[in-house]
Amino acid sequence: MRIRVEGFSDVPVVLSAQEPIADFPALLDVQEAGECTFLEPLHLDFTIYKEFRQIRVHGHVSTKVRLACSRCLIAFETDLESDFTIFYSNATEMPIEEEVSLTAEDLISAPYVGDYIDFTSEIEEQVLLEIPYKPLCHEECKGICVKCGADLNSGECGCDRSGTGLAFSALKNFTVK
Ligand SMILES: [Zn+2]
Ligand SMILES: [Zn+2]
């Protein structure tokens, strides 16, 4: 997703867009890896203005995904959304070292080259950060029985897990990151 830099001033411009997931290679990658399925395009809202020699972008991105619960393995749908601020500087005017030191902060700094700002990689990053590492269908998900594999959310299966419960929870603390 690109916009032309020319024409922005200190007067904020508001832009809204819907962009297909197909335009975001990093998001297609996680989808193909089976981490999540995108159910909607990205809904994007931007407020853009020029501040000194930088283009300042306040953005909001939202979409809907299907994830598999890490405890009970059942698929569920959830909304992802993120607010972000990015300062874009003309790459030819700004030394690289300055950009690196800025990225350590909350605000994202990114270069643009030529007459266009390409938002793609910054938007991808924001969305990827919102995908939970261990998705849960709900906070209280009871998971599946370690003995019979029954979904414990739909009721107690009757297995005696008094021995296995402890081993299982101890194991969970040593999950490979
Ligand atoms: Zn679950
Ligand atoms: Zn069971």
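Here, each number is a calculation from the coordinates, and none is a lab measurement. Just so we're clear, the structure is a prediction, and the values are computed from it rather than from any experiment. For neighbour counting, all protein chains shown are included, and Cβ atoms are generated from backbone atoms with ideal geometry for every residue, glycine included.
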Neighbourhood charge, 15 Å Cβ-Cβ cut-off, centred on Ile3 and excluding it, Lys, Arg +1 and Asp, Glu -1: -3
With a Förster radius of 45 Å, plug the Cβ-Cβ distance of Leu107 and Thr37 into 1/(1 + (r/R0)^6) and report the FRET value to the nearest 0.05. 0.90
Could the peptides 122-130, 149-157, 69-77 be put in order, highest first, of the mean number of other beta-carbon atoms found within 10 Å of their residues? 122-130, 69-77, 149-157
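Give me the number: length gained by fully extending Glu140 to Ala26, i.e. 0.36 nm times residue separation minus the C-alpha to C-alpha distance, one decimal in nm. Kindly include the intermediate steps, with their values, before the conclusion.
Working: separation 114, 0.36 × 114 = 41.04 nm, distance 3.10 nm.
Extending this stretch completely gives an extra 37.9 nm.
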Region 1-146: relative contact order in percent, alpha carbon pairs under 8 Å with at least 6 residues between: 25
